[in-house]
1. Any chance you could count how many residues in region 132-161 are touching a residue at least 60 places away in the same chain (Cβ under 8 Å) and loosely packed, with under 13 Cβ neighbours inside 10 Å?
2. Please go through (1) touching a residue at least 40 places away in the same chain (Cβ under 8 Å); (2) assigned by TED's automatic domain parsing to the domain that holds Ala130 for Thr51 and return the number of the only condition it doesn't satisfy.
3. How about region 169-198: which of its residues are among the hydrophobic types (A, V, I, L, M, F, W, C) and farther than 15 Å from Val5 by Cα?
4. Select, from Glu141, Glu117, the only residue that is assigned to a helix (DSSP H, G or I) and closer than 28 Å to Glu32 by Cβ.
5. Does any residue in region 189-201 that is at positive phi come within less than 7 Å, Cβ to Cβ, of a residue that is not in a loop (DSSP other than H, G, I, E, B) six or more places away or on a different chain, and which pairs are these?
6. All but one of (1) surrounded by 16 or more Cβ atoms within 10 Å (Cβ to Cβ); (2) at pLDDT 95 or above; (3) over 48 Å from the mean Cα position of the chain (by Cα) hold for Leu114; which doesn't?
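The values are calculated or read from the model by the stated rules, or taken from the named source; none is laboratory data. None of these values were measured; they are calculated from a predicted model. Cβ: placed from backbone, ideal geometry, glycine included. Neighbour counts: every protein chain shown.
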Amino acid sequence: MLPEVEKLLRVQHHDQKLNSIKKELADIPLEEEDIRDKLSADRKALEEAKTNLQRVEVAVKTLEIDVETRRDSINKLKVQQFETKKNEEFRRMGIEIERYEAEISELEDKEIELMEEAEKQRKALQEARAKFEENEVSVEEEIEDLGSLKIKLESDYEKETADRQEQASAVEEDLLYGYDRLFKAKAGMAVVGLVDEVCQGCHMKVTKSTVVEVKAEKKVANCENCGRILYWWTDDSVGKNMGDY
C-alpha cells in the first residue's frame, strides 16, 4: 500500500473513533431524559393514587357529616315531640324522624361502600409508592452509570484526539487538507478500498485507467465518481489491525 494512503487510513481510523465517541456523548443527555421519564410516569401514578384516596376520604367525611346532621335533627324533633301537646304536630314530627332515619340508613350504606373503596385506594397507593421508591433507586443508579460512562468517553476522546494528531502530523499538509474535506463530506469515509474495480465508498465502477493507477500504488488516486481516495484492496492490504494505530 502507498505509504501516504496508509497514513491517511490511520488518521481515518482515529477520526471514525472520535465520531463514534462524540455520538455516544451526544446520546447521553437523551438517555438520561428517557430514564427520568420512566420515573416521571411512576411519580404521576403515585400522585394519581394519592388524589384518588383523598377524593374517597373526603366523600366519606362528607357522608359522616350528613349523617351527623340528620341525627341532630332527629334529636331536636324528639325533644319537640316531647314538648308538644298537639297530636298533629307530634305525628308530623314522627314522619320527619322516619324520613331522616331512612336517609341515614341510605347514607350509611353509601359510607360502607366508600370505606371499601378507600381501602382499595390505600392498597393502590402503597403499591404505587413502593414501585416509585424502587424505580427511584434504579434510576439514580442508571444516572450514576451514565455519569461514569461520560467521564470515560471524555477521557477516550482526549486520548483519541492526541493519537490522531500524532498520526496526522506525519501526513503532507495539502493531502491532509483534502482528506479532511472528504471525511466531512463523505460521512466519515474518505479513504476506501477498490474491490473488483468498484469503489467501496460510492459502489460505482471506476475506469480502467483508475484501476491501473490504484494498483500501481505510485501516487494517491481518487475515485472519479465520488472523489474518495482509493487503495487496492487485498486480504492483507491494510497490513495491520487499525486498532494498533
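1. Selection size over region 132-161: 1.
2. Evaluating Thr51 over (1) touching a residue at least 40 places away in the same chain (Cβ under 8 Å); (2) assigned by TED's automatic domain parsing to the domain that holds Ala130 leaves (1) as the failure.
3. Ala185, Ala187, Val195, Val198
4. Glu141
5. Hits for this filter: Glu197/Lys205; Glu197/Val211.
6. Going through the list (1) surrounded by 16 or more Cβ atoms within 10 Å (Cβ to Cβ); (2) at pLDDT 95 or above; (3) over 48 Å from the mean Cα position of the chain (by Cα), Leu114 breaks only (3).
Matching residues to (1) of a type outside the set (Phe, Trp, Tyr); (2) out of contact with any strand residue (DSSP E or B) (no Cβ under 9 Å at 6 or more places or on another chain):
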site: Glu133; (1), (2): yes, yes
site: Glu136; (1), (2): yes, yes
site: Gly193; (1), (2): yes, no
site: Val198; (1), (2): yes, no
site: Trp232; (1), (2): no, no
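Yes or no, residue by residue, for (1) over 30 Å from Tyr177 (Cβ atoms); (2) of a type in the set (D, E, K, R); (3) not in a helix (DSSP H, G or I):
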position: Glu4; (1), (2), (3): no, yes, no
position: Lys17; (1), (2), (3): no, yes, no
position: Lys23; (1), (2), (3): no, yes, no
position: Glu31; (1), (2), (3): yes, yes, no
position: Ser40; (1), (2), (3): yes, no, no
position: Val60; (1), (2), (3): yes, no, no
position: Leu63; (1), (2), (3): yes, no, no
position: Glu98; (1), (2), (3): yes, yes, no
